[in-house]
Ligand code: UD1
Ligand code: UDP
């Protein structure tokens, strides 16, 4: 089996690390790794290849940043060339980024069957670029690897054929188990933090960064919390650029620790030891649960609905600073016992299941 994998953004490196390892160990399987270059800073890309032992990509397309149309279009053209050259049996994509969409479209047009990992997630908000990407990717895919029962339900509702849907669990859970034991002794001390005495925050969604008033509200809310408890926030380059644009960097509380993006192993350490995690990231919401840390999701909706239903995740639309502060403080004070059903995200064998299913197809 010859398979081309297309990745390009931070969370995709983490997801692909899991599946690529299984593909490499499968006799008769050749994986050709294509990095679109959507993320390119050392701490948004290279660090994950090193830490998670991902092989050097066969093709690095060097696309970089740009508007949705320009970025996706450049990727589409470059991926098409790769597919014509390699003639793979299958194409593998992850999640919902512009790299996912470009990979899906390039392959579908050339009749290369597509396998989509993290299929079926929906926010039902078509204003999110990710929602467009995942709907299109799902509907041109042959194999839809769903992480949750809710994702399977969404695909059935959209009329996807039953024999194309596979509930395999979440590859990010595999990653948390496999790499989560490689702990770092000095992550907290380097940042002057004490276990279970700080809030970990991440913000990067377009809806929270692109409009000045929303961004101002989010950072005013996080600053207010930081005046009560340390808040550490590894800053996504999109968010740093937005804070610069709105001249907000100097207005944040000095207790709000804005640090550069971290590698996965440092990030996992910060997640495990946080009192509460406040985030708009999809991956970080689940990792909070994997490490049994309560989470506040600073968005209007979430795709990971099961965590809200179980009470691990509190959905707080970040309309203004007071709402954010109140939401995070309520989560800090909430001592309710929460259920953590086994296998909510599978058994940590999603990567193996995906590999076996692709090999048998
Ligand atoms: C992308 C995904 C989003 C995902 C996120 C993961 C899309 C539409 N969005 O959002 O779903 O959650 O990745 O992190 O695909 N930049 C740098 N250096 C980098 C990368 C980006 O400076 O290495 C800056 C550039 O100014 C760029 C901006 O960040 O314009 C946004 O990057 P982009 O990849 O377009 O979108 P993300 O916000 O990262
Ligand atoms: N992550 C990381 N360093 C950081 C921030 C996030 O390693 O500074 C990891 C995080 O642990 C998770 C993934 O990146 O595994 C989530 O990516 P991101 O939030 O960028 O995207 P999303 O999941 O929202 O698409």
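The values are calculated or read from the model by the stated rules, or taken from the named source; none is laboratory data. Remember, predicted model here, so these are calculated numbers, not experimental data. Quick reminder, even Gly has a Cβ in these numbers, built from the backbone with ideal geometry, and neighbours come from all protein chains shown.
Annotation note: of 258, 229, the sole residue that is closer than 24 Å to residue 316 by Cβ, over 15 Å from the mean Cα position of the chain (by Cα) and assigned to a loop (DSSP other than H, G, I, E, B) is 229. Return the pair list, or none, for Cβ contacts closer than 6 Å from residues in the range 242-267 that are within 30 Å of residue 50 (Cβ to Cβ) to residues that are assigned to a loop (DSSP other than H, G, I, E, B), at least 6 apart or on different chains. Between residues of the range 242-267 that are within 30 Å of residue 50 (Cβ to Cβ) and residues that are assigned to a loop (DSSP other than H, G, I, E, B), the close pairs are 258/235; 265/182; 265/184; 266/184.
Hey, among 76, 92, 101, 105, which residue is near ligand 1 (Cβ under 10 Å from one of its atoms) and under 14 Å from residue 140 (Cβ atoms)?
Numbers: 76 fails: near ligand 1 (Cβ under 10 Å from one of its atoms); 92 fails: near ligand 1 (Cβ under 10 Å from one of its atoms); 105 fails: near ligand 1 (Cβ under 10 Å from one of its atoms).
None of the other options fit; the residue is 101.
Only residues that are without any contact (Cβ under 8 Å) to a residue 40 or more places away in the chain, within 16 Å of ligand 2 (Cβ to nearest atom) and exposed (fewer than 15 other Cβ atoms within 10 Å of the Cβ) were counted in the range 17-45, giving 1.
Annotation: of all residues in the range 79-89 being loosely packed, with under 14 Cβ neighbours inside 10 Å and in a helix (DSSP H, G or I), the one that is nearest to ligand 1 (Cβ to nearest atom) is 81. So residue 151 ticks every box in (1) in contact with a helix residue (DSSP H, G or I) (Cβ under 9 Å, 6 or more places away or on another chain); (2) surrounded by 18 or more Cβ atoms within 10 Å (Cβ to Cβ) but one. Which box is left unticked? With respect to (1) in contact with a helix residue (DSSP H, G or I) (Cβ under 9 Å, 6 or more places away or on another chain); (2) surrounded by 18 or more Cβ atoms within 10 Å (Cβ to Cβ), residue 151 is out only on (1).
The set of residues in the range 46-61 that are within 14 Å of ligand 2 (Cβ to nearest atom), over 23 Å from residue 85 (Cβ atoms) and assigned to a loop (DSSP other than H, G, I, E, B) contains only 52.
Checking the condition within 14 Å of ligand 1 (Cβ to nearest atom) and either in a loop (DSSP other than H, G, I, E, B) or modelled with pLDDT of 95 or more (or both), which residue from 242, 224 passes?
Values: 224 fails: within 14 Å of ligand 1 (Cβ to nearest atom).
Checking each option against the conditions leaves just 242.
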